[in-house]
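In what follows, a single structure is set out as structure tokens and then discussed.
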Amino acid sequence: MTFDIVTIFPAMIEAALADGVVGRAIERGLIDVAIHDLRNFTVDRHRTVDDVPYGGGPGMVMKPEPIFKALDAIEARRGGRREQMSVLLTTPQGTPFTQAAAERYSARQNVVLLCGRYEGVDERVRSRVDEEVSIGDYVLSGGELAALVVIDAVARYVPGVVGDDQSVAEDSFSRGLLDFPHYTRPAVVGSARVPEVLLSGNHVEIRRWRKRESLARTLERRPDLLETATLDDEERRLLAELKELQNGRIAELQNGKTGK
Ligand code: JD8
């Protein structure tokens, strides 16, 4: 699978993709990333990519022509096969980028990411865009960090990118629950001990403990995820137990007892 990124900050993208799981996937030829400097598609002496907004107001808007030229060049290089290509625009107005969206894009031959800056891109660019995506409800200064987030999450679904296919399937959001706590050596650091069950070698008990911890954390921190998570029989039973405990704690607080 190939990613094409159109940006005025190619060095920012380059640096972020050099290391880690994605960097290794590029080295091994599992994914291919082409970074396109938008300024290379300008024609004026100053390599201008922005201009003042029609109607007035503060800030600048990304000019449409350099973006159209960059997209033409990318399509030409990909042999004009638009079917297997998705052009994505990262923008705060986009549909929320989710794990399900990451999995969906990983089936595409070619994903093109357009990164805006300033106040965003000229509205007419949207005629060449398949989907607008947002990585979350906070304000970034441009689309590059969002594009990097999308590439990272999508690349993990490409076969071989993550060493163990099992761990992709078991990743917390793929399963719809938060992850359980992890520990490594030493067994004691200061006064903090690794939970006894993890040292027991009892793999049935360890599995059960991890399930319970995943559910407890999800119930505590992200109860919204429990609405859509698919739980097996054991998980449903554990969750019912945890909810009982939670109700007990709420009742205690209402009765004015200590948090014990
Ligand atoms: C693209 C320009 C900045 C946005 C004025 C400051 C995504 N989840 C997200 N948050 N922010 C972005 C994002 C922000 C961008 C651009 C993406 C291009 N800006 C602008 C409008 C208001 N500023 C994003 N995906």
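Quick notes on this structure:
- Of the numbered criteria (1) outside any helix (DSSP H, G or I); (2) without any contact (Cβ under 8 Å) to a residue 12 or more places away in the chain; (3) not acidic (Asp, Glu), the one Leu177 fails is (2).
- When we screen Leu113, Leu148 for residues that are within 19 Å of Gly23 (Cα to Cα), aliphatic (A, V, I, L, M), touching a residue at least 60 places away in the same chain (Cβ under 8 Å) and in contact with a Gly (Cβ under 9 Å, 6 or more places away or on another chain), the only hit is Leu113.
- Residues located in segment 41-91, provided they are of a type in the set (S, T, N, Q), away from the ligand (no atom under 16 Å from the Cβ) and under 27 Å from the mean Cα position of the chain (by Cα): Gln84
- Residues within segment 175-197 that are of a type in the set (A, V, I, L, M) and under 30 Å from the mean Cα position of the chain (by Cα), tallied: 2
The rows are residues; the columns are (1) assigned to a helix (DSSP H, G or I); (2) closer than 30 Å to Val161 by Cβ; (3) among the charged types (D, E, K, R); (4) in contact with a helix residue (DSSP H, G or I) (Cβ under 8 Å, 6 or more places away or on another chain).
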{"residue": "Asp4", "(1), (2), (3), (4)": "no, yes, yes, yes"}
{"residue": "Ala15", "(1), (2), (3), (4)": "yes, yes, no, no"}
{"residue": "Val21", "(1), (2), (3), (4)": "yes, yes, no, yes"}
{"residue": "Ile26", "(1), (2), (3), (4)": "yes, yes, no, yes"}
{"residue": "Ile35", "(1), (2), (3), (4)": "no, yes, no, yes"}
{"residue": "Arg47", "(1), (2), (3), (4)": "no, no, yes, yes"}
{"residue": "Tyr54", "(1), (2), (3), (4)": "no, no, no, no"}
{"residue": "Gly59", "(1), (2), (3), (4)": "no, no, no, no"}
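- Taking residues in segment 92-109 that are farther than 23 Å from Leu177 by Cβ, and partners anywhere that are assigned to a loop (DSSP other than H, G, I, E, B) and within 14 Å of the ligand (Cβ to nearest atom), the pairs with Cβ atoms closer than 7 Å and at least 6 places apart or on different chains are Pro92/Val139.
- Of residues in segment 112-127 being acidic (Asp, Glu) and part of a loop (DSSP other than H, G, I, E, B), the one farthest from the ligand (Cβ to nearest atom): Asp122
- Taking the numbered list (1) among the small types (Gly, Ala, Ser); (2) within 16 Å of the ligand (Cβ to nearest atom); (3) more than 30 Å from Thr7 (Cβ to Cβ) in turn, Gly143 passes all entries but (3).
- Answer from Gly120, Gly116, Gly94 - the residue that is at pLDDT 95 or above, within 30 Å of Leu225 (Cα to Cα), among the small types (Gly, Ala, Ser) and buried (at least 16 other Cβ atoms within 10 Å of the Cβ): Gly94
- Checked against the criterion of being at pLDDT 95 or above and farther than 30 Å from Thr98 by Cα, the candidates Leu245, Leu238 yield just one match: Leu245.
- Arg128 vs. criteria surrounded by fewer than 15 Cβ atoms within 10 Å (Cβ to Cβ), touching a residue at least 60 places away in the same chain (Cβ under 8 Å), in contact with a helix residue (DSSP H, G or I) (Cβ under 6 Å, 6 or more places away or on another chain) and not acidic (Asp, Glu): no
- Applying the set (1) at pLDDT 95 or above; (2) not in a strand (DSSP E or B) to Ser167 leaves exactly one unmet item: (1).
The values are calculated or read from the model by the stated rules, or taken from the named source; none is laboratory data. All of these numbers come straight from a predicted model, not from anything done at the bench. All Cβ positions, glycine included, derive from the backbone under ideal geometry; neighbour counts span all protein chains shown.
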